[in-house]
1. Test of understanding: extend the Cα→C-beta vector of ARG534 to 7 Å, then name every residue of the range 498-512 with backbone N under 19 Å from that spot.
2. Could the peptides 430-439, 486-495, 110-119 be put in order, highest first, of the mean number of other beta-carbon atoms found within 10 Å of their residues?
3. Based on the Cβ-Cβ distance of THR374 and ALA253, what FRET efficiency does E = 1/(1 + (r/R0)^6) give at R0 = 30 Å, to the nearest 0.05?
4. For GLN112, put the label point 7 Å out on the Cα→Cβ axis and report which residues of the range 62-77 keep their amide N under 17 Å from it.
5. Around VAL525, what is the net charge, scoring Lys/Arg as +1 and Asp/Glu as -1 over all other residues with Cβ under 9 Å from its Cβ?
6. How would the range 99-153 be classified by its alpha-carbon gyration tensor: rounded, prolate or oblate, with rounded meaning a/c under 1.5 and the a/b versus b/c comparison settling the rest?
7. Grab the beta carbon distance between ARG39 and VAL325, set R0 = 60 Å, and tell me the FRET efficiency rounded to 0.05.
8. Please give, to one decimal in nm, the separation of the simple spin-label points placed at HIS184 and LYS212, each 7 Å out from Cα toward the Cβ.
Amino acid sequence: MQYALLLLLLLCPVLMTQAQTKGQQEEVVITSQKKQKTRVSTSEQGVLQVNVAPADARKFKAAGQVSYADFGAKADGKTDAMDAIAATHAYANQHGLRVKATDGAQYYIGGQQRTAVIQTDTDFGTASFIIDDTDVQNRNASVFTVSSGLQPFKLENIKTLKRNQQKIEANLPGPCLITVTNAHVKQYIRYGLNQNNGTSQTDIFVVDQSGKVDMDAPIIWDFDQITDLTALPIDEKPLKITGGIFTTIANKAESKYTYYSRNIAIKRSNVLVDGLRHHIKGEGDHGAPYGGFLNISQCAYVTVQNTILTGHRTYQTIGAAGKPVSMGSYDLSVNRALNVSFINCSQTNDINDGKYWGILGSNFCKNLLYDNCTFSRFDAHMGVANATIRNSTLGHMGINAIGSGVLTIENSTIRGRSFVNLRSDYGSTWQGELIIRDCVFVPAGGRPTSASLISGSYSGQHDFGYTCYMPERITIENLRIDDSQHPEGYQGPALFTNFNPKMTDATYQEKYPYVLTKEVALKNVTIASGKSLRVSDNPYMFKAVQINTQP
């Protein structure tokens, strides 16, 4: 997905702003002429033309902020205010002014292709924004893009990288976010109904001015070749986005993988989102999926707190294997991002209601955090390096993850089908450690089921583009398994599900061997059914796992 970017070019006395969206251009031309009123208009070519009266310019500068009303936005919830909103932010970006929406106002945003670019602190307050997706010109164009005024640049002299390398040889203007790609190597070669041919080997990490790598988010792959290496300077000053009540009127498009990006796209590092609300109206029996109302990508150090979101309805489509599949639609999406935290966040609909898809999807991330969140799901598709879930409750889709480092779940209640599902479509791999501490597991949300803590599937016959691992060490302390609602003939919860039913003796040969868990440490595991914790329905596969049990 591509999102609108704002490039400010000063052409005295005219400021022209260009936003690139899916190969098309949006422009904002700002002038300051001796007229009595500030006006916003649109040319035949779609260029947004803004004239700011000198008296207004002096007033804005003295106040240190501008509002959408200053640029003619009507707050009646019916008249399209998007031109005025985009003009407000363009002017604020040019002059370093804060943007403050009028409390209680209702702004209607229609389907035209126009993106408001946020580069200064913005307080949406108690204003409401109605985003109408029933007739959209460009589904790939974000409504808001939070971007940096700093420009990315290429690093040409670095030819290889090594896993856990501590420094790169580069002279940098300051701390930078580094994205590296080797197009000659394919990884995450997906298996199953949504199968694909994989993605280019990718990594993302932060370095300081001298090129020293932040080892809290280390390089996780060896790169024998590099086809692209880009550095994006990190803004040192935090940018704050507060408040706002957003309502999406859902699209009515065909249910296929044509994701809508009518969202707030965050592509700047060091951003705080606080107190935002997002609602969804008008979902019917079909619709195209969404790629995250909050879409966080190509950045680091982003915190979303005190925010309420909404899960989208689950629709059916035909997957890559030509068979029906449930189609993911997200209200949170995090891609190629580091150190992203969700604190004290929840969703408007029932986290245990299977009509609604899991709220988060992520790819190529490091150091993701849920703290005091109530969500239907945590999900890392194409890998996460280090993730923490604490003080939280997760609903029917539970915890789904592949990746590396340490996966920590503390003081949380998990209501998924398993406690942790290692995604089988990406090899059920976690190269590192799993820690479960002070938690409650309610299998399948209390519905009768044969419970297992760690689920996944691995045949050993598919090449995912990397060696697949189970967590080398699993530590479980103070876990209560509420399996009181269990089926007839239930034998008790299993530590591992049956990852490979065909592997029952030494005659089974894995073409791509699975590296199994070495050690499990158990302490104070209580089980409501009174049954004992079993290793697996497939004891042969896990016969070499060392189980250490403490009272």
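Rule-based calculations on the coordinates, nothing more; no lab input. These figures come from a predicted structure and were not determined experimentally. Neighbour counts are summed over all protein chains in view; Cβ atoms, including those assigned to glycine, are modelled from backbone coordinates with ideal geometry.
1. Those under the cut-off are 498-505.
2. Working: 430-439: 20.0, 486-495: 15.2, 110-119: 22.3.
Ranking the peptides 430-439, 486-495, 110-119 by packing returns 110-119, 430-439, 486-495.
3. Working: r = 30 Å, r/R0 = 1.00.
About 0.50, to the nearest 0.05.
4. Correct set: 68-77.
5. Details: positive: ARG480, LYS523; negative: GLU477.
Around VAL525, the surrounding residues sum to +1.
6. Values: a/c = 3.86, a/b = 1.12, b/c = 3.46.
Note, shape of the range 99-153 comes out oblate.
7. Working: r = 50 Å, r/R0 = 0.84.
About 0.75, to the nearest 0.05.
8. Calculated label separation equals 3.3 nm.
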